[in-house]
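K.L.:
Before I ask anything, let me first share the structure, which is written out below as structure tokens.
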There are 2 protein chains.
Amino acid sequence: MPERQPLPRPDLRQIKIGVGPVAVFGASNFPLAFSTAGGDTASALAAGCSVVVKAHSGHMATADFVAQVIERAVEKSNMPKGVFNMIYGNGVGEPLVKHPLIQAVGFTGSLRGGRALCDMAAARPQPIPVFAEMSSINPMLMLPDALKNRGEKIAQDLADSVVLGCGQFCTNPGLILGIKSVEFSQLISNLTDIMGAKPAQTMLNAGTLKSYTAGLEHLTEHQGIKHLAGQTQQGNQAQPQLFKADVELLLAGDQLLQEEIFGPTTVIIEVEDKAQLIQALQSMNGQLTATLIADEADLTEFADVVPVLEEKAGRLLINGYPTGVEVCDAMVHGGPYPATSDARGTSVGTLAIDRYLRPVCYQNYPQSLLPEALKDSNPLQILRLVNSEMTREAI
Amino acid sequence: MPERQPLPRPDLRQIKIGVGPVAVFGASNFPLAFSTAGGDTASALAAGCSVVVKAHSGHMATADFVAQVIERAVEKSNMPKGVFNMIYGNGVGEPLVKHPLIQAVGFTGSLRGGRALCDMAAARPQPIPVFAEMSSINPMLMLPDALKNRGEKIAQDLADSVVLGCGQFCTNPGLILGIKSVEFSQLISNLTDIMGAKPAQTMLNAGTLKSYTAGLEHLTEHQGIKHLAGQTQQGNQAQPQLFKADVELLLAGDQLLQEEIFGPTTVIIEVEDKAQLIQALQSMNGQLTATLIADEADLTEFADVVPVLEEKAGRLLINGYPTGVEVCDAMVHGGPYPATSDARGTSVGTLAIDRYLRPVCYQNYPQSLLPEALKDSNPLQILRLVNSEMTREAI
């Protein structure tokens, strides 16, 4: 608006560019889909950032193999040398996060590990953002009408979901909530039978099994938690387990109950009524997902539960199991702390790229010095916001 | 894609909602435009967050007056009660940032104050994001062709910009870079004359004047920095000052030279050639703005300076002065640390809203439980990304 009074508006154009080199700490449980060449690496590269991956100690050979594939792809597609890098070994994570050239961190793993990286990054002379996907128990609400209509199938599907992949998903259902009723008692009874009959499975590695065993011990030792089903945990495999906890623990903010136990186990909580259900949900930590198992009548009756779930989780499901994480524009694999370190992000889907972008504004720049995306002629033919209108037209 | 093989894709829809209550620490230098009712408050409200403003100690009565106006507007427009709040007093900032309900912080002020809030927020049981706009010396590069063609006018405009509003802008030009030449020597000589004749001005408050005086003392005491113009700083007003520093200080990463001195002063640095100019820029901290004063021949000759500036600043200007900050979609009032605490944000312009939003994804939700923005019929008639196409059509 050069004609604006009293002062003309300058020519202002904005683009987002990469924040700079990103350190990636991949997941233990997806050596291929979410580690060396996972969503963090992909979104950092898409943002125009170079990447330094710390090879996961649980699958170093796989990491190395994938890194070599990426290196060949970098060469073949004429990407700049050094755009992808990998480092190996114990103790290399800390100097990586503290290196002055690193500008952001992507992490998938435990709450303890993720929080340590966040603290490290925040204490740098120049603090940098960390997106750490950490701990979620993914509550599932079993609503009355659904239980009445298809309680047996729900018990079967739920048990299958809990033990899928030996329960080693960030989105594994770790907490089952239902309202006291004949039907919910029946669900508990069915689940107890089914979970008790589930076979032991082999976990990713010895460390994961050790953590699982320790997690089960904590639950078993807890006064307010009752063991319902599962063989004694011993040997080299993980035994599926079922527990039931007193709702008072949740209401009192008991943190043990809200700790993610990575493996084939889940905890049932029975509430008195809808009011207590909402109270219980409000007492929960942030989550990656929250699920309603609901039929028609439930959707009306429990509509006011949804705003509570929105506050708590990054993804809300109805009549599905949260373990599948679709890669698409709409996906959110994120959520309030401690599900992640920053509720504003996601590590899966195209929005993940945003974590590694920063805006730059050009004021009165001549065409010759503007990035292609901002030139009048729109040589990239992209959709742009020009004077408040989305358009692919030239200016 | 319910027909997709081997598995159907679920119905996934994403919306962004507010992160929760935001704590706002407004600027000292814009009691009306960027404090109680400034960009942080406006963008938090736009994101759907409630706001708690800490009244700035430098203008408590103004803050209170503006808060009352906002309160009346809240009532008149039927916004929820409690959506806007203000607290007063020394020492209330820390408990505010540490309060478990606060989910994000917006701050404008000093590096020391901003960093303290960042550290506090990062150390909470649940860390929260802080956008702190802090310290920038806004380098201006005086290129040779421009100096040849209009050196005298440049000296005049630059001096006027340095003393505008007694230099109390975050975007005040605090560092002037030029290449050794007859013309740059002439600019320095002109600036020395003009700055020496600029009258003293009254600052915002006694604290600001005290900081300015201390900043000048640091520069004066520095061995590598020479005082060129300005009356001795004393009394109740700020005396405009001009300094010249050795480029070696910048190359050696001397932090004193890069500290923002809030007030009517600037530092000139002379470099040997373009190579040294680029080196000097690479040695600089992150900035809110970086400006080229350039004519036609300069734009070709110095095109490779632009990528260096992109790494360093949130807004790049040509032939303007950075003090004006337009409120619009394209504005970036942000930049790499220590200009702000998070290079991915801005505190001015519509992108500022993004700082306080988090995404939520709905999987297989029925129409009745979806937010208006996500319903098939598009009742809000907004532009939406549907199956990779931007559209206002119903689904």
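No value in this document is a laboratory result; all are computed from the given coordinates. Predicted, not measured: the structure shown is a model, and the values here were computed from it. Glycine gets a Cβ as well: all are built from the backbone with ideal geometry, and neighbour counts include every protein chain shown.
K.L.:
Please report how far the C-alpha centroid of the stretch A:1-73 lies from that of the stretch B:96-129, rounded to the nearest whole angstrom.
P.N.:
Cα centres, the stretch A:1-73 to the stretch B:96-129: 27 Å.
K.L.:
For residue A:95, which inter-copy label distances result when the label point lies 7 Å beyond Cα on the Cα-to-Cβ vector, reported in nm to one decimal and in ascending order?
P.N.:
4.6
K.L.:
Placing a label point 7 Å from Cα toward Cβ, how far apart in nm is residue A:125 from its equivalents in the other copies, listed shortest first to one decimal?
P.N.:
3.5
K.L.:
Can you run phi through the Karplus equation (6.51, -1.76, 1.60; θ = phi - 60°) for the stretch A:200-215 and list ³J(HN,Hα) in whole Hz, with x for Gly and Pro?
P.N.:
Listing the rounded values in order: 5, 9, 7, 8, 4, 7, 4, x, 5, 5, 5, 5, 4, 4, 5, x Hz.
K.L.:
Oh, and also: Place a +1 charge on the Cβ of each Lys and Arg in the stretch A:139-318 and a -1 charge on the Cβ of each Asp and Glu, then give the dipole magnitude about the Cα centre in debye, rounded to the nearest 20.
P.N.:
Details: 11 positive and 23 negative charges, 120 e Å.
It comes to approximately 580 debye.
K.L.:
Can you list residues whose amide H is under 5 Å from residue B:317's amide H, if they're 5+ apart or on another chain and H is modeled 1.01 Å from N?
P.N.:
For residue B:317, whose amide H was placed from the backbone, the distant partners under 5 Å are A:363, B:290, B:291, B:292.
K.L.:
Distance from the Cα centre of the stretch B:317-356 to that of the stretch A:227-292, in angstrom?
P.N.:
Spelled out, the Cα-based centre of one part sits 44 Å from the other.
K.L.:
Using θ = phi - 60° and the Karplus curve 6.51 cos²θ - 1.76 cosθ + 1.60, what whole-Hz ³J(HN,Hα) does each residue of the stretch A:99-107 get, with Gly and Pro shown as x?
P.N.:
Going residue by residue, I get 5, x, 7, 5, 10, 6, 10, x, 9 Hz, with x marking Gly and Pro.
K.L.:
Return B:110, B:57, A:28 ranked ascending by Cβ neighbour count within 10 Å, so the fewest neighbours appear first. Before the final figure, lay out the partial values.
P.N.:
On the way: B:110 18, B:57 14, A:28 21.
Ordered by Cβ neighbours within 10 Å, fewest first: B:57, B:110, A:28.
K.L.:
So which residue of B has the beta-carbon closest to the axis that swings B onto A, and how many whole Å away?
P.N.:
B:122, 2
K.L.:
Could I ask something else about it? Between residue B:17 and residues 5 or more places away or on another chain, which pairs have amide H atoms under 5 Å apart, with H built 1.01 Å from N, and which residues are they?
P.N.:
B:358, B:360
K.L.:
With the dipole of the stretch B:139-318 worked out from charges on the C-beta (+1 for Lys and Arg, -1 for Asp and Glu) around the Cα centre, which of B:249, B:290, B:159 lies farthest toward the positive end?
P.N.:
Toward the positive end, the furthest listed residue is B:159.
K.L.:
A follow-up question, please. Antiparallel versus total DSSP beta bridges in chain B: what percent is that, nearest 5? Kindly include the intermediate steps, with their values, before the conclusion.
P.N.:
Details: 16 of 54 bridges.
Percent antiparallel among DSSP bridges in chain B is about 30.
K.L.:
Quick one: label points 7 angstrom along Cα→Cβ at residue B:327, distances to the other copies in nm, smallest first?
P.N.:
4.2
K.L.:
Taking H as built 1.01 Å from N, whose amide H comes closer than 5 Å to the amide H of residue B:138, not counting residues under 5 places away?
P.N.:
B:174, B:288, B:289
K.L.:
Which listed residue (A:126, A:67, A:38) has the Cα farthest towards the positive end of the charge dipole for the stretch A:35-130, taking +1 on Lys and Arg C-beta and -1 on Asp and Glu C-beta about the Cα centre?
P.N.:
A:126
K.L.:
Would you compute, from DSSP H runs of 4+ residues alone, the mean residue ellipticity of chain B at 222 nm, taking -39500 (n - 2.57) per run and dividing by the full residue count, rounded to the nearest 500? Don't skip to the answer; put the middle values down first.
P.N.:
On the way: 11 runs with 121 residues, N = 395.
My calculation for chain B gives -9500 deg cm²/dmol from helical runs alone.
K.L.:
Same structure, new question: Only Lys, Arg, Asp and Glu count, each charged at its Cβ (+1, +1, -1, -1), so figure out the dipole size of the protein assembly as shown about its Cα centre, rounded to 20 debye.
P.N.:
For this selection, approximately 340 debye.
K.L.:
Per residue of the stretch B:339-347, in order, report the coupling 6.51 cos²θ - 1.76 cosθ + 1.60 (Karplus, θ = phi - 60°) as ³J(HN,Hα) in whole Hz, putting x for Gly and Pro.
P.N.:
Rounded to whole hertz, the list is 4, 9, 8, 8, 4, 7, x, 8, 9.
K.L.:
Now for a different question. Lysines within cross-link reach of residue B:148: Cα-Cα under 24 Å, excluding same-chain residues under 8 positions apart?
P.N.:
List returned: B:180, B:244, B:274.
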